[in-house]
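Enquirer: Once you've had a glance at the structure underneath, I'll fire off some questions.
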Amino acid sequence: MNILKVILWPVDRTKELRYVNFELGKVNVIRGDSRTGKSALISIIDYVLGANKCKIPVGPIRNTVDWFGLLLDNGSSEILLARKSPGIGNSKSAIYYKTEKKIDIPRVIEKENMNLEIMKQLFNDIFNYSNLELKEGAGFANRPSFRDSVSLNFQPQTIIASPNVLYFKADSNEHREKLKNFLPYILDILTNQNILDFHEIEMLEKENRKLSKLVMDQEEYLKGYDRRLEDLIAEAISLGMIDDSSLTQLNNTNDRLIVVKKAYESTRITFSNDSLGKYNELIEKKENIFRELHDDILKLNNQCKSIQQQIDYYSETKFLNEEAIHERISLADWLLLRINSFAELDTVSINNIKKTIDKYKNLHCEIVQAMSVMRNELIDKKLTLQNKQNEFNSIKIELQNLYEFNKNSENKKLYEKIAEFKGKLYYEINYFNTIKNDDIKTQIANNDSKLRILKSQTNFEKIRQKQEVVLNTLTDNIRLYLKGLDIDDCFSPVRLELKELTISREKKETQDYQSKEYLWEIGSASNWISYHISVFLAIHHYLNRTKNKNKIFNFIVFDQPSQVYFPDNTKEDKKKNTYDKDLENVRKIFAAFDLFLKLNGNYQIIVFEHAPESIWEKLENVCTKEVWDEKTNTKLIPNSWQYNQQ
């Protein structure tokens with residue numbers, strides 16, 4: 001899929017649409033001055049293709065454009081894809097989509113006909129990414145998507161000469177992790193089944209790590225359990241809550257502790273002052289509330305566990321996942337709006353489909369409603385718990401005030417000790433009752449059994465061999481394009497590093513234990529930019545010869561590849577020999593682009609430059625599409641649009 005046009009619909013509908021046209025099978029160059037909007041085209045294309053965040057610069061572009069759009073060539077048909085401008089906001093989900101053999105571009109877009117999520121699903125279908133369904137919660141949780149492939153289509157000005165970042169958006173941790181999983185898939189190293197199996201393995205191993213830690217914590221707790229209970233019994237005896245003789249017949253520590261618990265619950269503290277009645281009444285009330293609060297906490301914990309199990313079930317079951325439900329309902333609504341236009345369907349068939357969709361939607365609405373009821377129930381229980389906690393705190397303050405009037409400090413200290421004792425007592429008893437190591441160990445064993453089966457079914461050696469073949473092919477492809485560029489060493493083999501998301505090359509002569517050096521260890525900006533260009537051309541050269549060639553866009557955008565040689569402008573502000581050498585090095589870059597298109601005629605390369613046109617004018621497949629400078633009085637945003645804004 002290639003780009004035929006970038007289209008801007010103006011806010012002022014009296015103005016003409018702005019088109020930026022591109023050719024297939026060509027290096028399309030937009031040459032011009034800084035601050036004319038060249039670099040913004042990458043952000044515009046990315047935004048229209050479904051980026052979650054809009055990186056289009058705030059100012060004249062966002063202020064004057066109502067819709068951003070692309071006219072795409074999909075082989076046998078054209079696709080018009082437009083997205084509403086976010087203004088000063090982050091993004092808009094309003095999408096306009098149209099596909100025909102030949103599209104007449106509308107003068108005005110009145111309203112959207114789909115949202116962003118449906119658009120992404122649609123393009124995943126077009127690129128055949130829709131047959132993978134993964135659970136949430138692991139590194140493979142985000143299934144491969146056409147949005148991941150966009151990382152291979154852009155080399156913006158901030159990345160093209162970077163020693164630290166090779167791929168578009170790989171400077172954020174989220175995109176780096178997704179790309180680590182996506183590259184082996186798109187390079188045809190991993191199959192769909194491999195990804196599903198690896199995802200399941202990762203989920204099971206993650207669960208086992210959590211369960212094993214829980215078992216270790218509980219076993220560590222149990223090591224000192226008997227000692228802590230004996231300490232509590234001794235403390236109860238020292239507080240006068242129980243007589244040691246009542247425990248002599250009981251050998252089991254837990255049985256002895258139950259006696260202590262019952263003795264505590266019947267314990268009352270008396271005072272000699274006038275506040276006796278009120279004080280004892282408040283103590284009794286506080287103890288009742290404490291017990292009620294404790295029981296509520298236990299009930300709430302059990303309810304939370306039950307609800308969490310339900311939520312986990314929904315999350316793990318695609319049919320019941322709320323996000324999937326909303327997506328399906330949106331798709332169903334979209335289908336209902338268009339089903340009457342299906343000429344091949346008779347009225348009976350259309351009605352049957354409508355009934356099925358309505359039944360499907362009602363079922364999913366019931367599921368969403370049930371989830372809402374459970375959440376509301378949990379909220380109510382938390383409110384009840386909060387009210388009891390507030391009441392408890394109020395009584396605690398009142399007791400503290402009564403202490404001020406109490407002359408008997410010994411009783412006060414005794415009460416504090418008993419209150420502290422009760423907290424420890426309840427914790428030990430109740431935590432012990434929650435320990436179910438046998439159940440957890442059974443779950444770990446079941447997971448281990450599943451892991452053994454999954455790993456036995458996965459041919460890791462075959463995957464390793466396949467990866468080696470792919471990486472060796474890419475090394476040859478990189479050398480093909482690298483040998484004509486300005487590089488200090490074009491002979492050392494260059495290897496794509498899939499986990500580090502960079503490249504490495506063999507060291508010529510070294511006594512170091514490390515036999516390779518990574519991109520960030522290689523000096524010189526001219527080296528960095530040469531590696532960036534050769535790697536991107538090599539990857540697309542490879543993909544264009546695999547079954548995954550239809551899973552990516554057939555274009556690459558390079559923003560100012562000459563920046564190493566002309567960082568600010570193209571004026572001859574250095575010695576002529578140096579200037580001529582820099583011109584020749586930039587010409588080598590365009591020669592590499594030209595070579596790529598001779599070998600991959602179904603592609604297009606788009607370049608934004610301020611270097612002189614004389615550099616590439618003799619290359620067969622390179623053409624200047626537009627010039628944006630003071631002489632032509634042209635920019636991305638027409639001057640008439642901006643004047644209107646003023």
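The values are calculated or read from the model by the stated rules, or taken from the named source; none is laboratory data. Nothing here was measured: the structure is a model prediction, and the numbers come from that model. Please note: Cβ atoms are built from the backbone with ideal geometry, for glycine as well, and neighbour counts cover all protein chains shown. Heads up: the accessible areas ignore ligands, DNA and RNA and are worked out on the full protein's heavy atoms, side chains in. Shrake-Rupley method; radii C 1.70, N 1.55, O 1.52, S 1.80 Å.
Enquirer: With each pseudo-label sitting 7 Å past Cα toward Cβ, what's the residue 110-residue 379 distance in nm, one decimal?
Expert: Result: 3.9 nm between the two label points.
Enquirer: Still on this structure, please answer the following. Which order do the peptides 601-609, 14-22 take when ranked by the mean count of other beta-carbon atoms within 10 Å per residue, highest first?
Expert: Highest-to-lowest ranking by the protection proxy: 601-609, 14-22.
Enquirer: Which chymotrypsin sites (Phe, Trp or Tyr not before Pro) in the range 446-542 sit in a loop by DSSP (not H, G, I, E or B) and have at most 12 other Cβ atoms within 10 Å of their own Cβ?
Expert: Working: sites: 460, 481, 491, 513, 518, 520, 528, 531, 536, 542; in loops: 491, 513.
Listed in order of number, the matching sites are 491, 513.
Enquirer: What nm value, rounded to one decimal, do you get for the distance between residue 634 and residue 237 when each label is placed 7 Å out toward the C-beta?
Expert: It works out to 9.8 nm between the two label points.
Enquirer: Still on this model: Which shape class applies to the range 158-223: rounded if a/c is under 1.5, otherwise prolate when a/b exceeds b/c and oblate if not, where a ≥ b ≥ c are the square roots of the Cα gyration tensor eigenvalues?
Expert: On the way: a/c = 5.74, a/b = 1.89, b/c = 3.04.
It is oblate, given that a/c is not under 1.5 and a/b is not larger than b/c.
Enquirer: Also, I was wondering about something else. Note down the net charge around residue 158, summing +1 for each Lys or Arg and -1 for each Asp or Glu among other residues with Cβ under 14 Å from its Cβ. Can you show the working numbers first?
Expert: Numbers: positive: 38, 55, 169; negative: 46, 171, 559.
With Lys, Arg at +1 and Asp, Glu at -1, the net is 0.
Enquirer: Would you please name the trypsin sites (Lys or Arg not before Pro) within the range 521-568 that are DSSP coil residues with at most 16 other C-beta atoms within 10 Å of their C-beta?
Expert: 545
Enquirer: For the range 64-110, which trypsin sites (Lys or Arg not before Pro) are in a loop by DSSP, counting at most 14 other Cβ atoms within 10 Å?
Expert: Passing both the DSSP loop test and the Cβ count: 101, 102, 107.
Enquirer: With θ set to phi - 60°, apply the Karplus curve 6.51 cos²θ - 1.76 cosθ + 1.60 along the range 556-566 and write out the HN-Hα couplings as whole Hz, x wherever there is a Gly or Pro.
Expert: 9, 10, 10, 9, 6, x, 8, 4, 5, 9, 10
Enquirer: Students often get this wrong, so check it: of 5/26; 5/101; 92/625; 120/635, which have C-alpha atoms separated by over 23 Å?
Expert: 92/625; 120/635
Enquirer: Quick one: which of 178/551; 98/359; 55/483; 213/441 span more than 23 angstrom between C-alpha atoms? Present the calculation step by step, with values, prior to reporting the outcome.
Expert: Numbers: 178/551 16 Å; 98/359 29 Å; 55/483 35 Å; 213/441 11 Å.
The pairs that break the limit, which is 23 Å between Cα atoms, are 98/359; 55/483.
Enquirer: Further question: How much length, in nm to one decimal, is gained on full extension between residue 352 and residue 102, taken as 0.36 nm per residue of separation minus their Cα-Cα distance?
Expert: Answer, rounded to one decimal: 86.6 nm.
Enquirer: Quick one: ranking 114, 216 by accessible area, 1.4 Å probe, largest first, what do you get? All intermediate terms of the calculation are to be shown ahead of the outcome.
Expert: Details: 114 15, 216 130 Å².
From most exposed to least exposed: 216, 114.
Enquirer: Give me the accessible area of residue 501, 1.4 Å probe, in Å² rounded to the nearest 10.
Expert: Its accessible surface works out to 0 Å², give or take rounding.
Enquirer: If R₀ is 22 angstrom, what is the calculated FRET efficiency for the pair residue 35 and residue 176, using the beta carbon separation as r and rounding to 0.05?
Expert: 0.10
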